[in-house]
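Each remark here refers to the structure printed beneath this line.
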Amino acid sequence: MLQNRKIALFVDVANTSMTYTHYETVVEQAEEMGEILFGAVYGATDKRHRAVLHHANKRGFTLYMPLRLKKRGNKVFDHRILVDATEVVCSNPLVDTVVVVSAPHDMVHFYSFLRKRGIAVVACDNADEASMALVSEKIDTGVEPTLKLPIKKHSFKQAPTSAPKATQPVAKNPSVQKTEALLDEIRRLRGGADVAVHVEPPVAPQPTPSGDIMAETKSLMDKIASLKGDQTASSTTGADLLGKVQQTPADGNTDELLDQIKKLLDLSEN
């Protein structure tokens with residue numbers, strides 16, 4: 001490290017994102033190298049750098065307002081440093097070291113000018129490689145470098161189609177539900193037999209009822225007649241029912257005939 005140097009210090013706090021802590025660190029490192037004969041602070045404002053302004057005023061440093069830029073916040077080099085540093089070096093022969101803390105810039109020509117005059121250069125490590133080759137000592141500001149990720153270009157991609165909505169079951173008509181319930185009950189009573197509608201085959205000649213059915217029907221008719229005491233009605237009704245029995249196949253559906261017989265039984269009992 002350089003020792004016992006006569007230093008001219010130039011610090012740009014605005015375009016290096018320095019806080020008072022960073023500024024104080026820079027000043028302390030410069031004082032370790034020697035005596036600060038001249039100091040200048042650039043871009044400090046009362047709103048953001050009040051402590052820096054207080055310290056600079058106390059030390060007698062020259063203060064400069066921020067650069068007049070159309071775009072605020074740009075990390076640009078303050079060219080006033082070149083003018084001021086050149087003037088100090090040329091006017092004060094005691095200065096043998098220049099400390100520059102600023103935003104990155106091509107400093108090859110300026111540092112070459114200083115080196116030709118026997119002036120040592122102390123700077124940050126944020127300059128280009130050619131400029132850093134002319135630096136005698138590096139100074140650490142303590143400011144963490146910010147990494148800027150590349151901006152991704154927006155690609156117009158087709159929006160993903162939304163998943164098909166689940167179809168809600170359609171509510172059935174109450175009459176349809178009742179019909180289906182009755183059909184299910186019929187299937188259960190008939191042992192699961194299918195009741196689908198189908199076209200009836202051609203009607204073949206039906207055999208006459210067996211003797212057992214005829215005898216059972218005749219017995220029922222006699223019972224009805226005896227209960228009602230009307231032998232004539234019994235004969236007439238029995239003849240009609242016997243006719244129906246004769247027209248009904250042996251393996252046919254006799255539900256309607258049995259219903260009529262049950263009705264006659266109920267009437268006779270009343």
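Only the coordinates and a few stated rules stand behind these numbers; no lab work does. Predicted model only: the values in this text are computed from it and were never measured. Using ideal geometry, Cβ is built from the backbone for each residue, glycine included, and neighbour counts are taken over all protein chains shown.
Charge tally around M33: other residues with Cβ under 14 Å, Lys/Arg +1 each, Asp/Glu -1 each, net -4. Counting only Cβ charges, +1 for Lys and Arg and -1 for Asp and Glu, the dipole size of the range 1-151 around its Cα centre is about 680 debye. Overall size of the range 5-138 from C-alpha positions, given as principal axis extents largest first: 40, 31, 24 Å. Remark: for residue pairs K58/K116; K75/K116; K47/K138; K6/K138; K47/K75, the C-alpha separation exceeds 26 Å in K58/K116; K75/K116; K47/K138.
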